[in-house]
Amino acid sequence: ISKVHKDDQHELELLELDDIFKEVTADIKDLINRKKAIIKTEFKIPALRYYRKILRSTIYNLLSNAVKYSDGKRNPEIVISTGRINESDYLKVEDNGLGLTQENLQKIFKMFNRIHTNEEGSGIGLYIVKRMIENVGGKIEVESEPGKGSTFMVYLN
C-alpha cells in the first residue's frame with residue numbers, strides 16, 4: 001500500500017486492450033467458469049498509450065469484482081468497453097451484479113472496507129486502483145443500484 005502511495009515510476013506504452021483482457025481472463029478463468037460469467041468487450045479504442053501495471057491492475061480488479069459479486073439469481077453479464085469523452089479516453093466496466101446502495105457507494109474506495117462478504121477479499125483492491133489512477137491524473141467513478149448492478153468509469157488522463 002505504501003508503494004502505491006509513492007509510486008510514480010511508470011512508463012507509457014502502447015497497450016492492446018485485447019491482449020490485457022486475455023491476460024486477465026486467463027488469470028481468473030476458474031472464477032469466471034465457476035460463476036458462468038458472460039463477458040463481452042467493446043473496445044472502440046483498441047489500443048491506448050497508458051501504464052501497463054495500472055491498466056492491467058484496474059481491469060483485473062474491476063473484472064474480478066464484477067464476477068465475484070454477481071447476483072446468484074442470474075448469470076453474471078459484464079461488458080468492458082473503451083471510448084473517448086471530451087478529449088479523455090475511458091475504460092468502462094458494467095455488470096448486472098448485486099449492486100450497491102448510495103450509502104455503500106461512499107465507502108467502496110476506502111481501505112479495508114468490504115461491502116459484500118459472500119466472497120473472499122481484503123478490501124484494498126478498489127482503494128489501490130483509485131490511488132494508482134489518481135496518481136497519474138485520472139479518476140474513477142461508479143454508479144450502482146441494488147439488484148441491478150454497477151458501472152465503473154475510469155477516465156485515463
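The values are calculated or read from the model by the stated rules, or taken from the named source; none is laboratory data. Being a predicted model, the structure only gives us computed values, none of them experimental. As a convention, Cβ positions derive from the backbone with ideal geometry for all residues, glycine included, and neighbour counts pool all protein chains shown. The protein model used for the area step is the full one, side chains on, heavy atoms only, and it has no ligands, DNA or RNA in it. Shrake-Rupley method; radii C 1.70, N 1.55, O 1.52, S 1.80 Å.
Descriptive notes on the structure:
- Leading residue by the ranking (farthest from Lys148 (Cα to Cα)) among those in segment 87-108 that are modelled with pLDDT under 90 and part of a loop (DSSP other than H, G, I, E, B): Glu87
- Taking the criterion of being out of contact with any strand residue (DSSP E or B) (no Cβ under 7 Å at 6 or more places or on another chain), open to solvent by less than 60 Å² (accessible area, probe 1.4 Å) and of a type outside the set (S, T, N, Q), the only residue of segment 95-107 that qualifies is Leu98.
- Residue that is farthest from Leu126 (Cα to Cα) [pool: residues in segment 71-94 that are open to solvent by less than 10 Å² (accessible area, probe 1.4 Å) and small (Gly, Ala, Ser)]: Gly83
- For segment 52-64, filtered to residues that are crowded, with 18+ Cβ neighbours inside 10 Å and in contact with an Asp or Glu (Cβ under 8 Å, 6 or more places away or on another chain), the residue that is nearest to Gly125 (Cα to Cα) is Tyr60.
- Residue within segment 114-136 that is open to solvent by 40 Å² or more (accessible area, probe 1.4 Å), within 13 Å of the chain's Cα centre (by Cα) and modelled with pLDDT of 95 or more present: no
- Of all residues in segment 42-61, those that are closer than 15 Å to Val136 by Cβ and of a type outside the set (A, V, I, L, M) have Cβ atoms under 8 Å from Cβ atoms of residues that are part of a strand (DSSP E or B) and open to solvent by 40 Å² or more (accessible area, probe 1.4 Å), 6 or more apart or on another chain, in Arg49/Leu12; Arg49/Glu13; Arg49/Leu14; Tyr50/Leu12; Tyr50/Glu13; Tyr51/Leu12; Tyr51/Glu13; Arg52/Glu13.
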